[in-house]
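Accompanying notes for the structure given below.
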Amino acid sequence: MESTAGRLASVLQRIGEVATGAGRAPEDVSLIAVSKTFGPDHIRPALVAGHRIFGENRVQEAMGKWPDLKADFADTELHLIGPLQSNKAKDAVGLFDVIHTIDRDKIAGAVAREMDRQNRRLRLMVQVNTGEESQKAGIGPRDAEQFVARCRETHGLDIHGLMCIPPFDDNPGPHFALLAKLAAQCGVAELSCGMSADYEIAIEMGATCVRVGSAIFGPRG
Ligand SMILES: *Cc1c(COP(=O)(O)O)cnc(C)c1O
């Protein structure tokens, strides 16, 4: 199956199979179709096929394509899965429905202020740098519980879950397991983990949303 709609259907079917095999309900795992770098002509077939959950990693890029797409498909849910700068918080809160990458107080505060100003309630997740990689965004695993508490108490944010991107060369399983353990400690239910290469493992380890790009839209240029 070469079309976007065909690949989307295959991934959805596989998610269902893996979830069922792991004793989970397929509807407990949502598929975020990651459309970064792809233009509206590539995204529309997935919308026309009925998919409504999409992810982008850059605010600026998303601003260039999603206002029009959301106008045509109003029930679309857009997820920010890339790093957020505080000077982009206004645009991000205006456009996105879910942010996966809250990872420091400055961003937590900026998002909280913008949600108040715009009277919008987004679902929020905290990104955890499970591999403790210096170049990667996310709060360190040891600081995650305290940071989630500060998001709630200091910034008044309702945190729904945790997100991670394992180191490229690592076996992802232990990272997903660590994320699940931290989520239980923090008292949050959502686990955003798993990409094209490892979403099956992520589902077996409890992911509630997987972020899949190239397996749906094809290789990025
Ligand atoms: C690009 C991206 C994905 C999707 O990656 P694929 O390997 O194409 O599935 C998932 N999560 C994040 C944070 C990304 O930036």
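The values are calculated or read from the model by the stated rules, or taken from the named source; none is laboratory data. Since this is a predicted model, take the numbers as computed values, not measurements. Cβ sites come from the backbone with ideal geometry, for glycine too, and all protein chains shown count toward neighbours. To get the accessible areas, we keep the full protein, side chains included, count just its heavy atoms, and leave off ligands, DNA and RNA. Shrake-Rupley method; radii C 1.70, N 1.55, O 1.52, S 1.80 Å.
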| message | For segment 106-124, check the following and say yes or no: at least one residue is among the charged types (D, E, K, R) and crowded, with 21+ Cβ neighbours inside 10 Å. | response | no
| message | For segment 85-102, which positions are open to solvent by less than 20 Å² (accessible area, probe 1.4 Å) and within 16 Å of the ligand (Cβ to nearest atom)? | response | A92, F96, V98, I99, H100, T101, I102
| Is there a residue in segment 76-84 that is more than 16 Å from the ligand (Cβ to nearest atom), of a type in the set (S, T, N, Q) and open to solvent by 60 Å² or more (accessible area, probe 1.4 Å)? | no
| message | Tell me yes or no: at least one residue of segment 93-107 is without any contact (Cβ under 8 Å) to a residue 12 or more places away in the chain, touching a Gly at 6+ places or on another chain (Cβ under 7 Å) and of a type in the set (D, E, K, R). | response | no
| request: Determine the pairs where a residue that is touching a residue at least 12 places away in the same chain (Cβ under 8 Å) and more than 14 Å from V128 (Cα to Cα), located within segment 186-199, has a partner that is of a type in the set (D, E, K, R) and open to solvent by 60 Å² or more (accessible area, probe 1.4 Å) with Cβ atoms under 9 Å apart, the partner being 6 or more residues away or on another chain. | output: Y199/R14
| Answer from G140, G221, G156, G131 - the residue that is modelled with pLDDT under 95 and open to solvent by 20 Å² or more (accessible area, probe 1.4 Å) | G221
| task | Identify the single condition in (1) open to solvent by 50 Å² or more (accessible area, probe 1.4 Å); (2) within 30 Å of D91 (Cα to Cα); (3) in a helix (DSSP H, G or I) that T37 does not satisfy, given that it satisfies every other one. | result | (3)
| Could we say that I15 is within 16 Å of the ligand (Cβ to nearest atom), among the β-branched types (V, I, T) and in contact with a His (Cβ under 8 Å, 6 or more places away or on another chain) here? | no
| field | Of residues in segment 195-218 being under 24 Å from S3 (Cβ atoms) and open to solvent by 70 Å² or more (accessible area, probe 1.4 Å), the one nearest to the ligand (Cβ to nearest atom) | value | M195
| said: For the list (1) free of Cβ contacts under 8 Å to residues at least 40 places away in the same chain; (2) more than 16 Å from the ligand (Cβ to nearest atom); (3) under 19 Å from D158 (Cβ atoms), I need the number of the one condition that V111 fails. | reply: (1)
| message | Go through segment 166-194 and report how many residues are open to solvent by less than 50 Å² (accessible area, probe 1.4 Å) and within 14 Å of the ligand (Cβ to nearest atom). | response | 10
| Given the structure, is L69 of a type in the set (A, V, I, L, M) and in a helix (DSSP H, G or I)? | yes
| Residue selected from segment 40-65 under the condition within 13 Å of the ligand (Cβ to nearest atom) and in a loop (DSSP other than H, G, I, E, B), by the criterion most open to solvent (accessible area, probe 1.4 Å) | R58
| said: Please go through segment 1-34 and give me each residue that is surrounded by 17 or more Cβ atoms within 10 Å (Cβ to Cβ) and either at positive phi or of a type in the set (V, I, T) (or both), ordered by number. | reply: T4, V11, I15, V18, V29, I32, V34
